[in-house]
1. Taking R0 as 41 Å, what's the FRET efficiency between Thr85 and Phe225 from their Cβ-Cβ distance, rounded to 0.05?
2. Just the number, please: Stokes-Einstein D of the chain in µm²/s, Kirkwood Rh from C-alpha pairs, 4 °C, 1.567 mPa s.
3. For labels at Arg126 and Glu211 in the simple 7 Å Cα→Cβ model, what's the distance in nm?
4. Which lysines have a Cα less than 22 Å from the Cα of Lys214, not counting those fewer than 8 places away in the same chain?
5. Binning every alpha carbon pair distance of region 252-317 at 5 Å from zero, what are the percents per bin?
6. Rounded to the nearest 10 Å², what accessible area does Lys92 have for a 1.4 Å probe in the complete protein model?
7. Using the basic label-point model (7 angstrom from Cα toward the beta carbon), what is the Glu70 to Gln20 distance in nanometres?
8. Would you mind checking which residues have amide H under 5 Å from His297's amide H? H placed 1.01 Å from N; only 5 or more apart, or other chain.
Amino acid sequence: MRSAITGTGSYLPPKVVTNQDLEKIVETSSDWIVERTGILKRHIAENELASDLALKAAKNAMEMAGVTGEELDFIIVATITPDDTLPATAIKVQADLQAKNAAAFDINAACSGFLYALTIADSMIRSGQGKTILVIGSEVMSKITDWNDRNTCVLFGDGAGAIVLRAQPDQNKGVMDLKIYSDAAMRELLGCTGGVGRTGTAGTVTMQGKEVYKNAVNNMSAAAFDILQKNSLTADDIDFLVPHQANLRIIESVAKKTGLPPEKVIVTIQEQANTSAASVPLALDHAVRSGKIKPGHLVLVEAMGAGFTWGAGLIRF
């Protein structure tokens, strides 16, 4: 059996913070932000948690897929901003969906979290452990953002994206291949000032921007080349690239190195900023609902995050 995406969903909190709003709280300018990141605005959760965002995105995906909570075998939530230390955010989603037959858990692979979760879910379907799996990326990055740091506060936003994976026998559609990586030697370049065991606090995001940029371009491009070569494909075979929405300059550089023209690249960062693990499923849902990604299209997805973690995948819709 092969796993196919039968539903996509997303949710963005209603509060919007523009670059002009940030000009009032830190020494920055909208022109500076746009030039370096491509970001125009971001959504910020005020009275919502990661589970609230995840639930709304999940319901949208399940409605498209035509599935109920009772049909779910697993619920996997990728997040670095969970509601609580325990239980898992996925447990709250399970309760709200009344998914009594599902097993639910979270994973943390930072901005690559959705690809890691998708890899786990796909493996479960291929091995026969489940037939219907809900995969969610949900983040409230505003909770771990230092709003006095002009170098990082302009980058992040809140949101959630979800997909429903279902087992199906057609070998010409669905998740064709996935490959994930990590490099612990680079862990100091992108991280957080806090941690439950280390400080007893969540902390805030810190990063060495130039090094992260360079590694993101190199690693995501290499992952794309590797998975294309492994499957005897070229960039010409790809209908759309859906990359992690971290920085428009990274996206443009990766697309150029991979050999994909701008019209084949899904970009949502202008309106959403970097939503970490939610970024790829948010962009996927946008592309599906806008009619860009259609049945039969071959889509390349990729991401990179703290750890460093990164990966790429091929999905036939």
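The values are calculated or read from the model by the stated rules, or taken from the named source; none is laboratory data. As the structure is a prediction and not an experimental result, all values here were calculated from the model. Using ideal geometry, Cβ is built from the backbone for each residue, glycine included, and neighbour counts are taken over all protein chains shown. Each accessible area value is taken on the protein alone, full model and side chains, heavy atoms only, with ligands, DNA and RNA left out. Shrake-Rupley method; radii C 1.70, N 1.55, O 1.52, S 1.80 Å.
1. Approximately 0.60, to the nearest 0.05.
2. 67 µm²/s
3. The answer from the label model is 3.4 nm.
4. Leaving aside lysines fewer than 8 places away in the same chain, those within reach of Lys214 are Lys179, Lys256, Lys257.
5. 4, 14, 25, 29, 21, 6, 1
6. 70 Å²
7. According to this spin-label approximation, the distance is 5.2 nm.
8. Phe317
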